[in-house]
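The values are calculated or read from the model by the stated rules, or taken from the named source; none is laboratory data. Being a predicted model, the structure only gives us computed values, none of them experimental. Note: ideal-geometry Cβ built from the backbone for every residue, glycine included; neighbour counts use all protein chains shown. For accessibility, only protein heavy atoms count, side chains too; no ligands or nucleic acids. Shrake-Rupley method; radii C 1.70, N 1.55, O 1.52, S 1.80 Å.
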Amino acid sequence: QRNAIVVLGAGTQTIAATGGVEPGLTSYARLVEAATLQRDCRRTGGDCKILLTGGDPARTGVSEAEVCRKALLALGLDGNEVLIEPYSTSTWQHARFTSDVLQHFAADHVVLVSSGVHLRRSQLYFAHFGIDATQVRAEYLGAQTCLVPRPHNFRLTDEALHEYLDIARYHLRLATGEIAPPRARRTVEYAQRAATRNGAAARS
């Protein structure tokens with residue numbers, strides 16, 4: 001009955017000709033996926049909110065979340081259905097700050113939308129902060145078979161190494177006590193809140 005579609009920020013781009021700020025290269029696929037999920041969710045009659053997360057690491061003067069929110073509104077989405085978390089500047093902060101927002105929203109179901117290559121680490125971080133999320137990929141990146149090196153494959157290798165190294169770094173930080181142990185999952189807590197909410201509605 002109460003669903004949160006969390007979309008992770010993917011950077012922004014300042015347009016030289018106009019000075020405007022637009023979603024980054026991989027952001028649009030995430031936004032399209034989120035809008036599609038939200039449409040399907042609404043058809044079930046549930047409460048469906050999109051939560052955009054991302055601050056301003058590029059120092060453009062506007063947060064990724066706000067830039068992406070404008071893009072979704074331009075697609076015709078209702079502003080009341082699009083929430084933002086405009087302060088995080090890394091995947092770790094996405095999970096940390098978003099967990100606080102989700103605690104207040106008390107979603108029964110959380111969907112995590114990001115690039116396919118990014119989802120494993122993202123879900124690991126969200127689980128650390130007690131968020132039991134369903135992964136949904138936006139764009140999918142696959143290697144191109146070729147006898148000569150291709151720039152596309154170099155890019156994929158770079159992204160894959162970045163993900164694996166950050167996952168290893170997370171486990172090292174956890175093992176050395178640099179970060180606190182993972183929080184308990186909130187799935188049961190969400191279900192209990194939903195039951196209480198539905199019971200109150202029935203009594204009224």
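What to note about this one:
- The stretch 44-69 and the stretch 114-162: distance between their alpha carbon centers, rounded to Å: 20
- Relative contact order [Cα under 8 Å, 6+ residues apart], the chain, whole percent: 20
- Accessible area of the chain belonging to carbon and sulfur atoms, whole % at 1.4 Å probe: 55
- For the stretch 32-70, applying the loop criterion from DSSP together with a ceiling of 10 other beta carbons within 10 Å to the GluC sites (Glu not before Pro) yields no site.
- Cα long-axis angle, helix 64-74 against the chain (0 to 90 degrees, to the nearest 10): 70
- Loop chymotrypsin sites (Phe, Trp or Tyr not before Pro), the stretch 132-175, which have at most 14 other Cβ atoms in a 10 Å radius of their Cβ (DSSP): Tyr140
- Rounded to the nearest 20, the size of the Cβ-charge dipole of the stretch 57-146 about its Cα centre is 360 debye, with Lys and Arg at +1 and Asp and Glu at -1.
- Rg/Rg_globular for the chain, with Rg_globular taken as 2.2 N^0.38 Å and Rg from C-alpha atoms: 1.10
- Protein-only accessible surface order, largest first, of Arg183, Arg2 at 1.4 Å: Arg183, Arg2
- Shape call, the stretch 47-109: gyration tensor on alpha carbons, a/c limit 1.5: oblate
- 1.4 Å probe accessible area per residue over the chain, in Å²: 55
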